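See structure below.
The values are calculated or read from the model by the stated rules, or taken from the named source; none is laboratory data. Keep in mind it's a predicted model, so treat the numbers as computed, not measured. Glycine also receives a Cβ, built like all others from the backbone with ideal geometry; neighbour counts cover every protein chain displayed. Note: accessible area is taken over every heavy atom of the protein model, side chains too, but ligands, DNA and RNA are not part of it. Shrake-Rupley method; radii C 1.70, N 1.55, O 1.52, S 1.80 Å.
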Amino acid sequence: MDQHDFATRAIHGANFHSPFLGNPISYPIFQTSAFSFETMEDWLEQSDHPDKGYAYSRGGNPTVAAFESTMAQLEGTESAIGAASGMGAISAAILSIVSAGEHIVVTRDVYGGTHSLLTNVLTRFGVSHTAVDMTDLDAVSAAIRSETRLIWGETISNPTTTVLNIPAIAEIAHARDIIFGVDATFTTPYLSQPIAQGADLVAHSATKYLGGHGDLIAGVLCGSEANIDRARQILLNVGATMAPFEAFLLLRGLKTLDLRLERHAHNAQAVAEALAQHPLVEYVCYPGLSTHPQHAVAQQLYKNGGGFVSFVVQGGLATAQSVINHLKLVKRSASLGDAHTLASLPVMTSHRSFSPEERLARGIPDGMIRTPIGLENSTDIIADYQQALDSVAASQR
Ligand SMILES: Cc1ncc(COP(=O)(O)O)c(C=O)c1O
């Protein structure tokens, strides 16, 4: 299977076979809490060899295992573990590596949930962290201490679309024997292959592009057998494992991942270019634009610029709020990677708990609108933004 192209592996990754039931094209949903055994001896045998069968779905489930092995194939890793959410996968990654007294170097614009885990939870257990601008490689090196065990970055950050130079950071991490983990939610295995580029662990909020239809919450972590076994133990203990129905939806989502990501990126590029032309727009953040500060790195590392655009309007929060309220097709909503184009104001949603100074230090001014671009016709998305921006501009004259 490894020799096949991405799309073929995504479609053919999970195959079910039973001598009695044959070979269904779609992998079945094993919607069961537990499995029973003919004898106690059989049960014991399964306990001693968990890879040979299933006992209880928190510890393992065939539909979830089919999704995990498909993800491992797509990421080029030995192993993968499904989680109840993206935060479940990220928590498992971090908790499986660091212990009390140890330290993490994290990207300054890390996802808010990860920031909260590091700041509000892990500090209580003696794990400290330093947030740095990961486009500044000297700053990454300078933040490393003797007790640093993990460097954690994001392939493309939310909402500023900062691009991570994975090979450069991997080199810094490995020279000091530090594990390098990457949240690749924005790029998926279709746009980038972080493991081949030097990362040790790859986490995704599968809620987003992997599912692709805005109808599930899930996560996945990919890496070496040894790292994933440790993460599996954490997930088993905290109980944040993936449910079988989510795994089924994800296996379905993966079959169209390449098609969807091409369309997301095609639309995002067109929307970003159109937004950049509007007089009310100060600047647009999209790695596919030549004006993006890491455009060259993105072109080198990622298949395309992805589906996520953010932009800043003149006039701050009041103008941004008015623009977003004028949208008729685009939905005011959180999340991303959905078939629908969505929009939100980071200042009033994801970054509400940050002070204005903290937001500015992260490159998030009050007038920023984040808009994950969906799969609609790009002309319709652009027309909706055009009418919203024109209406607000006219009302300001
Ligand atoms: C980059 C990134 N990582 C992780 C998460 C968390 O994922 P979940 O909501 O599935 O827990 C999100 C959610 O928006 C995200 O954007």
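At a probe radius of 1.4 Å, what is the per-residue accessible area of His174, in Å² to the nearest 10?
Looks like 80 Å² after rounding.
Give the share of C-alpha pairs in each 10 angstrom bin for the stretch 1-89, from 0 to the last occupied bin, in whole percents, shortest bins first.
Binned Cα distances yield the sequence 14, 40, 35, 10, 1.
Can you classify the stretch 328-397 as rounded, prolate or oblate using the Cα gyration tensor, where a ≥ b ≥ c are the square roots of its eigenvalues, rounded means a/c under 1.5, and otherwise it's prolate if a/b beats b/c and oblate if not?
oblate
List the relative contact order of the chain as a percent without decimals, with contacts defined as Cα pairs under 8 Å and 6+ residues apart.
Values: 804 pairs, mean separation 65.1, N = 397.
It rounds to 16 percent for the chain.
Work out the FRET efficiency for Ala276 and Phe37 from their Cβ-Cβ distance, taking R0 = 56 Å, and round it to the nearest 0.05.
According to the calculation, E is roughly 0.35.
Ser128 label point, 7 Å along Cα→Cβ, cut-off 14 Å on backbone N: hits in the stretch 75-108?
Only 100-106 fall inside the zone, counting backbone N under 14 Å.
Project the alpha carbons of the stretch 234-368 onto their principal axes and report the range along each, largest first, in whole Å.
That works out to 48, 33, 33 Å along the principal axes.
Which order do peptides 247-254, 362-369 fall in by mean Cβ count within 10 Å, highest first?
For the peptides 247-254, 362-369, the packing ranking is 247-254, 362-369.
Could you name the aspartates and glutamates in cross-link range of Lys255, using Cα to Cα under 17 Å and dropping any fewer than eight places away on the same chain?
Once the sequence-local aspartates and glutamates are set aside, what remains near Lys255 is Asp2, Asp5, Glu68, Glu75, Asp215, Glu246, Asp338.
Calculate one ³J(HN,Hα) per residue across the stretch 372-379 by plugging θ = phi - 60° into the Karplus curve 6.51 cos²θ - 1.76 cosθ + 1.60, and present them in order as whole Hz with x for glycine and proline.
Result, ordered by residue: x, 8, x, 9, 5, 5, 4, 4 Hz.
In whole Hz and in residue order, list the ³J(HN,Hα) couplings for the stretch 272-288 that follow from phi through the Karplus curve 6.51 cos²θ - 1.76 cosθ + 1.60, θ = phi - 60°; x for Gly and Pro.
4, 5, 5, 4, 4, 7, 7, x, 7, 9, 6, 7, 10, 9, 7, x, x
What lysines could a cross-link reach from Lys328, if we take a straight Cα to Cα line under 25 Å and drop same-chain neighbours fewer than 8 places away?
Within the straight-line limit of under 25 Å, Lys328 reaches these lysines: Lys208.
Provide the percentage of antiparallel DSSP beta bridges, counting only those with both residues in the stretch 302-381; round to the nearest 5. Let's see the in-between values first.
Working: 6 of 8 bridges.
Counting only bridges with both partners in the stretch 302-381, antiparallel ones make up about 75 percent.
With a 1.4 Å probe and all protein chains kept in place, how do His4, His213, His292, His115 rank by accessible area, largest first?
Largest to smallest exposure gives the sequence His213, His4, His115, His292.
What residues from the stretch 133-165 fall in the zone where the backbone N is under 20 Å from a label point 7 Å along the Cα-to-C-beta line of Glu357?
Residues 133 fall inside that zone.
Residue by residue, what Karplus-based ³J(HN,Hα) values in Hz, rounded to whole numbers, does the stretch 229-245 have, using 6.51, -1.76 and 1.60 with θ = phi - 60° and x for Gly and Pro?
Computed from phi, the couplings for the stretch 229-245 are 4, 5, 5, 4, 5, 5, 5, 4, 6, 7, x, 9, 7, 7, 8, x, 5 Hz.
So if I take the alpha carbon set of the chain, get Rg, then get Rh from the Kirkwood formula, what is the Rg over Rh ratio?
0.99
Highest mean first, what order results for 346-354, 68-76, 34-42 on Cβ atoms within 10 Å?
In descending order of packing, they fall as 68-76, 346-354, 34-42.
Please list, by residue number, everything in the stretch 362-384 whose backbone N is under 17 Å from a paramagnetic label point 7 Å out along Cα→Cβ of Met348.
365-372
May I ask you to work out the translational diffusion coefficient for the stretch 64-221 at 20 °C, viscosity 1.002 mPa s, via Stokes-Einstein with Rh from the Kirkwood sum over Cα pairs, reported in whole µm²/s?
Estimated diffusion coefficient is 138 µm²/s.
Using a simple spin-label model with points 7 Å from Cα along the Cα→Cβ vector, what separation in nm is obtained for Ser391 and Ser18?
5.4
Give the accessible area for Glu273 in Å² (nearest 10); use a 1.4 Å probe, count only protein heavy atoms, and leave out ligands, DNA and RNA.
Approximately 90 Å² for this residue.
Order Glu358, Glu171 by their accessible area, 1.4 angstrom probe, all chains in place, largest first.
If we order Glu358, Glu171 from most to least accessible, we get Glu171, Glu358.
Pick out which of Phe308, Phe67, Phe16 has the largest mean-square fluctuation in a Gaussian network model of the chain, springs linking Cα atoms closer than 10 Å.
Phe16
Would you grab the residues whose amide H sits under 5 Å from the one on Tyr283? Only those 5+ places off in sequence or on another chain, please, with H modelled 1.01 Å from N.
Residues meeting the amide H criterion: Val312.
Along the Cα→Cβ direction, 7 angstrom out, place labels at Ala55 and Ser333. What is the inter-label distance in nm?
4.1
From the gyration tensor of the Cα coordinates in the stretch 300-350, what semi-axes in whole Å does the equivalent ellipsoid have, largest first, with each one equal to sqrt(5λ)? Mind dumping the intermediate values first?
Working: eigenvalues 101, 41, 20 Å².
Square roots of five times the eigenvalues give 22, 14, 10 Å.
Between Asp136 and Ser47, what is the spin-label point distance in nm, taking each point 7 Å from the Cα along the Cα→C-beta axis?
5.5
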